[in-house]
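Asker: Here it is, the structure, as structure tokens.
A short reminder: the numbers here are calculations on the coordinates, not readings from a lab. Computed from a predicted structure; not experimentally measured. Positions of Cβ are generated from backbone atoms using ideal geometry, with glycine treated the same way; all protein chains shown enter the neighbour counts.
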Amino acid sequence: MRIAIVNDMLLAVEAMRRAVVSSGEHRVAWVARDGEEAVALAVNDRPDLILMDLIMPRMDGVEATRLIMSQSPCPILVVTANMNENPGKVFEAMGEGALDAVTTPVLGRPGDSDGTRGLLAKIDSIRRLTGDSAARTPTNGSTSGEKKREQLVAIGASAGGPAAVAKVLGDLPADFPAAIVVVQHVDVQFARGLADWLGLHTALKIQLAMEGDEVRPGHVFLCGRDHHLVFSGPRKLGYVRPAAECSFCPSVDVFFESAQRHWTGKLAGVLLTGMGRDGAVGLKALRDAGHPTIAQNAATCAVYGMPKAAAEMHAASQILPLDQIAPQLKKMFA
């Protein structure tokens, strides 16, 4: 992959450069010292991936991400040393289309840098995610009846997801009668920060899912481990280790498919903005089982990848603008 680096700190740039070239599979496309320079460079020379810092002079990483995704979209990975000081900015950047976030590597002994392995793992995950273009054969969905006991909304999202999830949850009342489970592509070290940040935008109760948790109405359960979140029983959540060939962890497909197998009540699946195809197959499984399914429309997606894949295979019974998803869920679960 041709990877661009956006950072105003020379030591951070060198640490990332060494990490990129150490893999033997990637090379540095260009280096920008601030967001404004990155936006201009991306227009003329679009890389396969951008490593984006958050705090920079002239233009920060959030605004740079927004402009790049609108003018010359490409995968963006936030690489920051300031997660504890600026957790909100990480999720703002992801809301503008960044795929994930990771801590900046730190130069150590010559030829060695702490954090290289984590950065390379993220790069490899994004490479597999964005390179997954296997064709799927569309089929018609079933409209069989739904069971009416317990109620669940299953939500999947990736790039642009934090802001989209916050909008949907923020438009739902505190007494919403269904449980909600969210699988958002985000590194496990940022899961707690994401839960806290989402809690500022909704009256619903946000919590990280723990092994054995039973879902409850009015509560939002967020994947909080570097494993796939699944239903281990009719109402109980659990985690399973990812297979080596899995493009992303946690996987929306894996969760949706487990919900289809185990959930015995009313269920709606929602697939929001994101790069790649994760979630489309799982959403199709939900629709084929007779559950209503919603995909975010192209105009309101930060990245129209996952919902597009779902639309192409007729996995979504409804394709809606972001601001119409919560009102539709309220009608479904009235």
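Asker: Roughly how many debye, to the nearest 20, is the charge dipole of the chain about its Cα centre, given +1 on each Lys and Arg Cβ, -1 on each Asp and Glu Cβ, and no other charges? The partial results should precede the final answer.
Answerer: Details: 34 positive and 36 negative charges, 206 e Å.
So the dipole magnitude of the chain works out to roughly 980 debye.
Asker: Extending each Cα 7 Å along its Cβ direction at Gln207 and Phe333, get the distance between those two points in nm, one decimal.
Answerer: Calculated label separation equals 1.6 nm.
Asker: Sticking with this structure for a sec: Any idea what the dipole of the range 151-332 comes to, in debye rounded to 20, about its Cα centre with Lys/Arg Cβ at +1 and Asp/Glu Cβ at -1? Mind showing how you got there, number by number?
Answerer: Working: 16 positive and 15 negative charges, 72 e Å.
Result for the range 151-332 is approximately 340 debye, rounded to the nearest 20.
Asker: Picking from Thr293, Pro105, His227, whose Cα lies most toward the positive end of the charge dipole for the chain (charges on Cβ: Lys, Arg +1; Asp, Glu -1)?
Answerer: The listed residue farthest towards the positive side: Thr293.
Asker: Could you point to the residue in Ala243, Ile123, Ala32 farthest towards the positive end of the chain's charge dipole, with +1 and -1 charges on the Cβ of Lys/Arg and Asp/Glu respectively?
Answerer: Ala243
Asker: Starting from the coordinates of the alpha-carbon atoms of the range 151-332, obtain the Kirkwood hydrodynamic radius over all distinct pairs and give the value in Å to one decimal.
Answerer: On the way: mean 1/r = 0.0641 Å⁻¹.
After inverting the pairwise mean of 1/r, the radius is 15.6 Å.
Asker: Counting other beta carbons within 10 Å of each residue's own, what order do Phe255, Phe333 fall into, fewest first? Provide the component values of the computation, followed by the final result.
Answerer: Working: Phe255 26, Phe333 16.
Taking fewest neighbouring Cβ atoms as first place, the list is Phe333, Phe255.
Asker: Next up: Using alpha-carbon pairs under 8 Å, 6+ residues apart, how would you state the relative contact order of the range 244-334 in percent? Let's see the in-between values first.
Answerer: Working: 156 pairs, mean separation 24.8, N = 91.
Once divided by the residue count of the range 244-334, the mean separation gives 27 percent.
Asker: Taking the chain as a Gaussian network, Cα atoms linked when under 10 Å apart, which of Pro250, Pro177, Pro57 shows the biggest mean-square fluctuation?
Answerer: Answer for the Gaussian network model of the chain: Pro57.
Asker: Do the sum for the chain: with -39,500 (n - 2.57) for every DSSP H run of n ≥ 4, divided by all residues, what is the mean residue ellipticity at 222 nm, to the nearest 500 deg cm²/dmol?
Answerer: Details: 11 runs with 116 residues, N = 334.
Rounded to the nearest 500, it is -10500 deg cm²/dmol.
Asker: Counting other beta carbons within 10 Å of each residue's own, what order do Ser317, Ser251, Ser258 fall into, fewest first?
Answerer: Working: Ser317 18, Ser251 27, Ser258 22.
Starting with the residue having the fewest Cβ neighbours, the order is Ser317, Ser258, Ser251.
Asker: Return His227, His291 ranked ascending by Cβ neighbour count within 10 Å, so the fewest neighbours appear first. Kindly include the intermediate steps, with their values, before the conclusion.
Answerer: Numbers: His227 18, His291 25.
Sorted ascending by nearby Cβ count, the order is His227, His291.
Asker: Which whole-number percentage describes the relative contact order of the chain, with Cα contacts under 8 Å and a sequence gap of 6 or more?
Answerer: Numbers: 801 pairs, mean separation 50.3, N = 334.
With pairs under 8 Å counted, the relative contact order is 15 percent.
Asker: In the chain, what % of DSSP beta bridges are antiparallel (nearest 5)?
Answerer: Numbers: 7 of 48 bridges.
Antiparallel bridges make up about 15 percent of those DSSP assigns within the chain.
Asker: Cα centroid distance between the range 181-211 and the range 1-77, in Å?
Answerer: 27
Asker: Can I get the semi-axes of the chain's equivalent ellipsoid? Compute them from the C-alpha gyration tensor as square roots of 5 times the eigenvalues, in angstrom, largest first.
Answerer: On the way: eigenvalues 238, 74, 69 Å².
Over the Cα atoms of the chain, the semi-axes work out to 35, 19, 19 Å.
Asker: Now for a separate question. Once every Cα of the range 2-131 carries one equal point scatterer and solvent is ignored, give the base-10 log of I(q)/I(0) from the Debye formula at q = 0.13, 0.14, 0.17 Å⁻¹, two decimals.
Answerer: With one equal scatterer per Cα and no solvent, log10 I(q)/I(0) is -0.44, -0.52, -0.79.
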